[in-house]
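One structure is given below, encoded as structure tokens.
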Amino acid sequence: MEKREQLYEGKAKVIFATDNPDLLIQYFKDDATAFNGVKKGTITDKGVVNNLVAGKLMTILDAVGIPVHFVRQLNDREQLIRRVEIIPVEVVIRNVVAGSMARRLGLDEGQQLPRPILEFYYKADALDDPLVIRDHVLVFGWATEDELHWIETTCRRINDVLIAFFANIGIRLVDYKLEFGRLHGEVGKVVLADEISPDTCRLWDLTTGEKLDKDRFRRDLGGVVEAYQEVARRMGVTSKTS
Ligand code: TMP
Ligand code: ASP
């Protein structure tokens, strides 16, 4: 497998082509942004942590039969992934009241929800990724009824697996964002894509409630690097070079 030209650079990752048209390389940067790029910074070795954390979570989900774009870890910052066409809908899964939902509904953060809430956001930077409803997704054709139904069912399965996994390492999975994509060259096949990492999740220590995720950067709480490292340490994923 040979690394070829850069195809796309996002806020936290870069995507490269390979000599196989169905496979890409996903490179994780240390760049951090928040509020749709308004706040910018870097978090030392975030790219390494997110690469290793995302790879491990994808592997766990793959093992229970969830189709994922992840193929294998290449090195500290790169993973081989299957090429997908990203569905332009971000799914946020909430187990605990926090973040934008707390703000929007005037609620205090921290209340456990009686059952998970699934929210959809339309992926459109120029519009600030607005919250949308199911009918927007269907009527505007961002996903088909079959795809959306599959995504909803799959998100609930993923949530059960991830809640248990994180609880086992003393972490409360408060909320997180998932993206899905259509596999290149395989009509009708949708897989979990992008990443699951401290950038895309709220992770609170189960006993102290300490935040171990990107909110430390968003809210200037300090200890950002340490929080990312702590998640990697508890997950047992460590860099090959450090
Ligand atoms: P929110 O409370 O700001 O809507 O975020 C909900 C979850 O989604 C939180 O765990 C962070 C994650 N998220 C992303 O991964 N990317 C984003 O662009 C946003 C807004 C949230
Ligand atoms: N990922 C988004 C941004 O880059 C928002 C966030 O994570 O807060 O701005």
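Every number in this text was worked out from the coordinates using simple rules, so none of it is lab data. Bear in mind that the values here come from a model prediction, so they are computed numbers and not experimental data. Cβ sites come from the backbone with ideal geometry, for glycine too, and all protein chains shown count toward neighbours.
Values for this structure:
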read-out	value
Equivalent-ellipsoid semi-axes of region 84-124, from the Cα gyration tensor, Å, largest first	24, 12, 6
Gain upon complete extension [Val64, Arg157; 0.36 nm per residue less C-alpha separation]	32.5 nm
Simple label model, 7 Å out from Cα along Cβ direction - Arg115 to Asp220, nm	4.2
Centroid-to-centroid separation of region 51-88 and region 149-211 [C-alpha atoms, Å]	12
Computed helical MRE - 222 nm, the chain, DSSP H runs ≥ 4 contributing -39500 (n - 2.57), nearest 500	-9000 deg cm²/dmol
All-pairs Cα distance distribution in the chain, expressed in whole percent, bin size 5 Å	1, 6, 13, 18, 20, 20, 13, 6, 2, 0, 0
At R0 = 25 Å, FRET efficiency that the Cβ-Cβ distance of Leu206 and Arg72 yields, to 0.05	0.25
Alpha-carbon Rg with Dmax, taken over region 1-135, Å	17.0, 51
Net charge contributed by nearby residues that have their C-beta within less than 13 Å of Ala98 (K/R +1, D/E -1)	+4
Extension gain (nm, one decimal) between Arg234 and Gln6, 0.36 nm per residue minus Cα-Cα	78.8 nm
Distance violations [Cα-Cα > 26 Å] among Lys3/Lys29; Lys13/Lys39; Lys3/Lys46; Lys3/Lys56; Lys3/Lys211; Lys13/Lys56	Lys3/Lys211
Radius ratio Rg over Rh of region 1-45, counting only Cα atoms, Kirkwood formula for Rh	1.10
Contour minus Cα-Cα distance for Leu131 and Lys39 (0.36 nm per residue)	31.1 nm
Scattering profile of region 72-167 at q = 0.24 Å⁻¹ [log10 I(q)/I(0), Debye over alpha-carbon scatterers]	-1.27
Rel. contact order, % - alpha carbon contacts under 8 angstrom, at least six apart, the chain	19
Tyr228, Tyr8 arranged by Cβ crowding within 10 Å, fewest neighbours leading	Tyr8, Tyr228
